[in-house]
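Where a number appears in this text, it was derived from the coordinates with a stated rule and is not lab data. Quantities reported herein were computed from a predicted structural model and do not represent experimental measurements. Ideal geometry is used to build each Cβ from the backbone, glycine not excepted, and the neighbour counts take in all protein chains shown.
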Amino acid sequence: MTDDTNARIDALVKDNAVLLFMKGTPLFPQCGFSSRAVAILNHLDVPFESVDVLQDQGIRQGIKAYSDWPTIPQLYVKGEFVGGSDIMMEMYESGELAELVQDVKTA
């Protein structure tokens with residue numbers, strides 16, 4: 001991963017309270033896992049930004065190195081890597097994800 005790509009990813013993560021790196025867009029997800037991640041965030045009624053990794057090959061590869069996580073989607077909350085679709089689902093079902101984004105919703 002180039003330093004430029006890493007810096008772009010780092011800026012995106014730090015500049016957005018809730019950020020989802022995904023395949024496609026929230027209105028038109030390009031994979032089931034991204035679709036599920038969007039559905040979870042929408043159900044929690046939390047505002048979030050998204051990055052379509054299909055539009056930028058550098059970001060698509062770079063985000064995997066950035067997080068040391070091999071799959072997309074990837075969720076970041078307040079600059080911290082949360083996880084992918086399965087982890088989001090587990091945290092959603094336990095109520096942990098709602099707690100994590102609670103102060104984002106009210107900000």
Could you check the chain for helices (runs of 4 or more DSSP H) lying wholly inside it with 2 or more residues that are buried (at least 16 other Cβ atoms within 10 Å of the Cβ), touching a Phe, Trp or Tyr at 6+ places or on another chain (Cβ under 6 Å) and not charged (D, E, K, R)? 3-15, 32-43, 57-67
Quick check on this structure: which one of THR5, THR25 is among the hydroxyl-bearing types (Ser, Thr, Tyr) and under 13 Å from the mean Cα position of the chain (by Cα)? THR25
Can you find even one residue in the range 66-88 that is more than 23 Å from ASP3 (Cα to Cα) and charged (D, E, K, R)? yes
